[in-house]
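Colleague: The structure follows.
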Amino acid sequence: MEFTESLKKNFQFRYVYNRGRSIANRHLVMYIVKNGTQGNKIGISVSKKVGKSVIRSHVTRLIRESYRTMEEEIRSGYDIVVIARVICKDTAYHEINASLRHLFKKHQLLLPQQEKEDAKETR
């Protein structure tokens, strides 16, 4: 992820949970809060209910790759936490990608086409 940092510490996740807005769909739950900086920070949470460590790592990689491919289309200045639901262990990449895109649309974080091109030029 070229433009995005990761949320790593527990207090960072708690801040987003407590102050952020959440929207969910069948596969994922997404919390967002403005962070007052120029870049985004993303945290991915996959609980033990989803599966053993190999499954959890796989789901995490799917979510991270899905975010990476649409990173240029997302508005800057937000802390984002994505939580995987149990159904994610049996889903394919394209379903995770569609779910993540759906949540970004619901949060109104996807850039219009002209802003996407300007964002590419400034980065």
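Each value in this text was obtained by applying a stated rule to the coordinates, not by laboratory testing. Note that this is a predicted model, so its numbers are computed, not measured. Cβ placement follows ideal geometry from the backbone for every residue including glycine, while neighbour counts extend to all protein chains displayed.
Colleague: Share of antiparallel DSSP beta bridges in the stretch 5-108, in percent to the nearest 5?
Modeller: The antiparallel proportion sits near 60 percent.
Colleague: Can you compute the helix-only [θ] at 222 nm over the chain? Use -39500 (n - 2.57) per DSSP H run of at least 4 residues, normalise by all residues, nearest 500 deg cm²/dmol.
Modeller: -13000 deg cm²/dmol
Colleague: Then there is this: In which sequence would 85, 75, 26 go, from the one with the fewest C-beta neighbours within 10 Å to the one with the most?
Modeller: Least to most surrounded, the residues fall as 26, 75, 85.
Colleague: Another question about this same structure. Note down the relative contact order for the chain as a percent, whole number, built from C-alpha pairs under 8 angstrom at least six residues apart.
Modeller: 32
Colleague: How do 11, 3, 104 rank when sorted from fewest to most other Cβ atoms within 10 Å of their own Cβ?
Modeller: Fewest-to-most Cβ neighbours within 10 Å comes out as 11, 3, 104.
Colleague: Using the Cα atoms as the points, what is the convex hull volume per residue of the chain in Å³?
Modeller: Spread over its residues, the Cα hull of the chain gives 100 Å³ apiece.
Colleague: Shifting gears a bit: Quick one: order 46, 86 by neighbouring beta-carbon count within 10 Å, fewest to most.
Modeller: Listing 46, 86 from fewest to most nearby Cβ atoms yields 86, 46.
Colleague: Pairs 8/52; 9/48; 34/106; 34/89: which are spaced more than 25 Å apart, C-alpha to C-alpha?
Modeller: With Cα atoms farther than 25 Å apart: 34/89.
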